[in-house]
Every structure is written in C-alpha cells, then in structure tokens.
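K.L.:
The structure's right below; bear with me while I get my questions together.
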Amino acid sequence: MEHIYDMVVIGGGPGGYTAALYATRAGLDTLVLEKLSAGGQMAQTTQIDNYPGFENGIDGYELGEKMQAGAERFGAKTELAEVSAVYLTESPKRIETSEGTFLARTVVLATGAGHRPLGADREAELTGRGVAYCAACDGMAFRGKTVAIVGGGNSAAADALILSRICQKVILIHRRDTLRATKIYHDPLMQAGNIEFRWNSVVDGLLGEKRLSGVRLRDVHTGETDDLAVDGLFVSIGRSPETALVAGQVELDRGGYIVADESTRTSLPGVFAVGDVRTKAVRQVITAAADGAVAAHYAEQYLAETH
Ligand code: NAP
C-alpha cells in the first residue's frame, strides 16, 4: 500500500515551509515538494529588511534554508521534485512528479508567482542574451555596463538600486510619471547618481541581432519613438501566479490567482493556497508565512472532521 501523507505542500517558499512547520508540530505527516531550493522568490533577494527578527536584515537564500531547517527539525520531509500534474478531487489527492507519485489527504498550494514577461517581440529569444528578469541573479553579467530596467513598483526600485551598484548607468523606464514603489525607495533612487529616468515611456521593441543592443521606447502621450542603446534590459513589471497545474481544479480569479480568503481555503475541500499564489492585498514574506500557519490550522481541522 502506498504511503499517504497527511499533508503535501507544493512549493518550498516561506508560505510552504511555515505550513510544514505548523503541520508537523501539530503531528501531521508532512512532505514539501520543491523543484529547486528552499525560499522560492525570496531566495533571489540578497537583502531582506522587512522580515522581523533580523535587525541587520538577512539574505533571502539563507532565510529560506533556515525556514526549511526549522520545519525539518520537527519531522517535515523535503523531496526535490518537479510536479507535473495534480489530481486534487481524488481521494487521496494525487501528485505526479519527476520523482514519482505522492498521495496526500490535504494539499497546500504554495507555488508562488513567476516573473511577468514584457510581451515584446523576440523577448524569449533574447532572454539570457541581454534580456533578464532578476537583478540579484544576473546583474553581475552587466558589470560596468549600461542597462535599462522596466517597471515602477517595489521590485523595479529594489532592482534598480542593486544594478546601480554594479553597472555604470541604469535607466529606469516607467509608463507613468510617478513610481508605484513605496517612499522608502525614492530618495536612494534619486541620490544614486547613476540612475536616469524615462517617464511616460514603454518598450516598443527590442533591438540587436544575436544579442540585445538597445530598446525602442515610445512616449505614451506623444507616440514618439526613440532608440536607446543598452547592454541589458531587466524586466520588472510584476509577477504572474504559478497556477497552470491547478487551473480547472480550483477556482482562479481573472489574474490567475487562486481564490482563497484569509482562511487559505480554496474552492476544493482539503486544498489550501498560501503566499503569493492566492488572492490577497499584500504579497510579502511575512504574509506568506502567516498564511502557512493558518493553512496548517484549517488542514488539521479538515482532517479531524473527515478522517
Ligand atoms: P507591482 O507592485 O505590481 O509593480 C509592477 C510595476 O510594473 C508597476 O509600476 C506597473 O506600472 C508596471 N507594469 C506592469 N505591467 C507593465 C507593462 N506591461 N509594461 C510596463 N510596465 C508595466 O510588482 P512588483 O514590483 O514586482 O512587486 C510585486 C509585489 O512584491 C508587490 O506587492 C510588492 O510590494 C512586493 N515587493 C516588496 C518589496 C519590498 O517591500 N521591499 C520588494 C519587492 C517586491 P503601474 O505602476 O503603471 O501599474
């Protein structure tokens, strides 16, 4: 007879490992499936200053490892596996992965959100050839060079600051004339000395044959275009949720996020969604972690009522 876990968590970010920590401490037999390494998106951030308890901030990768170790101390298991299909209406619920099939009484969806592509022609072809999505991961490849970054949110602001310390010049391209990013970023951006702004502008085309050599910008008010020579383009225009696996099984909103309120319960009994992948107002490490604790609580309640 195949082993049936009380809980399988898909995704080892802060939401996933907090669910696993709380579940194992409640005595649930818990497995975390993670395709790469603990931490999720957080692992790509070098400095996290808004997760309490670390007065000097902490590296996101290190925080991910600590969250994994904390859950494993109480018996949570981790399997490095890529999930290929889930069958959430079956009983037990079935998860197919690169490392085999896993069965579970409850499933916590903690798959997070990936980068949103710009949608420009030849974007996929030039990715890794000048087009990038993560300053902390790929910034060093542009040391001493000129790069542009598209976006006006917290991610674009944080990435622009990282790049300003590595690159000779950073040009921030935003489609409006004010940043969406919180005020804490504004002064450092203005004071960096090597960050320029192109307001009211969008990227209309990617230039270069085998490698990106520049971008065509369009002024959203006048429609005028001009070409800007850059060695790299970082796209930082938000996230899109990783929900392709569960589409058609749990309810999604128009943006593709899993519909779940603060209880983290989805439209399917015994299936919970935590962190950036669910509908919520504030997507932060701390709110993902909070979701994990709540999911474990309701999973425990569900198991008590049904098993
Ligand atoms: P975001 O807050 O949704 O911002 C996306 C930005 O990209 C916006 O400025 C948006 O413009 C622009 N944009 C969207 N689609 C575009 C397109 N097709 N072309 C050009 N520009 C486009 O996303 P994010 O910055 O990735 O942040 C995601 C979440 O993580 C947020 O909740 C954020 O607060 C959080 N986060 C927090 C921190 C921190 O607190 N330190 C750091 C990173 C991320 P408009 O402004 O015109 O809509």
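K.L.:
Over the Cα atoms of the chain, each weighted equally, I'd like the Debye log10 I(q)/I(0) at q = 0.07, 0.14 Å⁻¹, rounded to two decimals.
P.N.:
-0.31, -1.02
K.L.:
Across 10 Å bins from the origin, how do the percents of Cα pairs in the range 39-181 run, short distances first?
P.N.:
Once binned at 10 Å, the Cα pair distances of the range 39-181 give 9, 27, 30, 22, 10, 1.
K.L.:
Can you give the local net charge around residue 11? Use residues other than it whose beta-carbon is closer than 13 angstrom to its beta-carbon, Lys and Arg +1, Asp and Glu -1.
P.N.:
-4
K.L.:
In addition: Considering the dipole of the chain built from charges on the beta carbon (Lys and Arg +1, Asp and Glu -1) around the Cα centre, which of 101, 225, 302 is farthest to its positive end?
P.N.:
The Cα lying farthest towards the positive end belongs to 225.
K.L.:
Here's a follow-up. May I ask for the net charge around residue 167, where only other residues with Cβ less than 14 Å from the Cβ of residue 167 are counted and Lys, Arg are +1 while Asp, Glu are -1?
P.N.:
Within the 14 Å Cβ shell, the charges total 0.
K.L.:
May I ask for the angle, rounded to the nearest 10°, between helix 154-164 and the longest principal axis of the chain, with both axes built from Cα atoms and the value confined to 0 to 90°?
P.N.:
Around 50 degrees separate the two axes.
K.L.:
Further question: Could you give the size of the charge dipole of the range 101-206 about its Cα centre, using +1 on the Cβ of each K and R and -1 on the Cβ of each D and E, expressed in debye and rounded to the nearest 20?
P.N.:
180 debye
K.L.:
Taking a cut-off of 21 Å between Cα atoms, list the lysines near residue 93, but don't count ones fewer than 8 places away on the same chain.
P.N.:
Filter leaves 35, 77.
K.L.:
Kirkwood hydrodynamic radius for the range 186-307: how many Å is it when counted over pairs of different Cα atoms?
P.N.:
For the range 186-307, the Kirkwood estimate is 18.3 Å.
K.L.:
Something else about it: Build a GNM of the chain with springs between Cα atoms under 10 Å: which of 242, 99, 123 gets the top mean-square fluctuation?
P.N.:
99
K.L.:
With each label point set 7 Å from Cα along the Cα-Cβ vector, what nm distance links residue 3 and residue 194?
P.N.:
Here the modelled spin labels are 5.1 nm apart.
K.L.:
Sorted from largest down, what three extents in whole angstroms do the Cα atoms of the range 205-271 have along their principal axes?
P.N.:
Answer, in whole Å and largest first: 53, 31, 20 Å.
K.L.:
Here's something else I'd like to know. Suppose every K and R has +1 on its Cβ and every D and E has -1 on its Cβ; what is the size of the dipole of the range 181-304 about the Cα centre, in Debye to the nearest 20?
P.N.:
The calculation lands at about 160 debye.
K.L.:
Could you order peptides 253-261, 27-35 by the average number of other Cβ atoms within 10 Å of their residues, highest first?
P.N.:
The packing order, highest mean first, is 27-35, 253-261.
K.L.:
Continuing with the same structure: I need the P(r) histogram for the range 65-140: all alpha carbon pairs, bin width 10 Å from 0 out to the longest distance, whole percents.
P.N.:
14, 28, 29, 23, 6
K.L.:
So if I place +1 on the C-beta of Lys and Arg and -1 on the C-beta of Asp and Glu, and nothing else carries charge, what would the dipole magnitude of the chain be about its Cα centre? I want it in debye, nearest 20.
P.N.:
Dipole of the chain, to the nearest 20 debye: 520 debye.
K.L.:
Could you work out how far helix 285-306 tilts from the main Cα principal axis of the chain, as a 0 to 90 degree angle to the nearest 10?
P.N.:
20 degrees
K.L.:
Continuing with this model, one more query. In degrees from 0 to 90, rounded to the nearest 10, what is the angle of the helix 14-25 Cα long axis to the longest principal axis of the chain?
P.N.:
Value to nearest ten degrees: 20.
K.L.:
If you don't mind, another one. Using a cut-off of 13 Å between beta-carbons, work out the net charge of the residues near residue 278 (Lys and Arg +1, Asp and Glu -1, residue 278 not included).
P.N.:
Overall, the nearby charge balance is -3.
K.L.:
To continue, here is another question. Of the listed peptides 197-206, 46-55, what is their order by residue-averaged count of other C-beta atoms within 10 Å, with the highest listed first?
P.N.:
Put in order of decreasing packing, that is 197-206, 46-55.
Quick note: the coordinates plus some simple rules give every number you see, no bench work behind them. As the structure is a computational prediction, the values presented were derived from the model and not from experiment. Glycine gets a Cβ as well: all are built from the backbone with ideal geometry, and neighbour counts include every protein chain shown.
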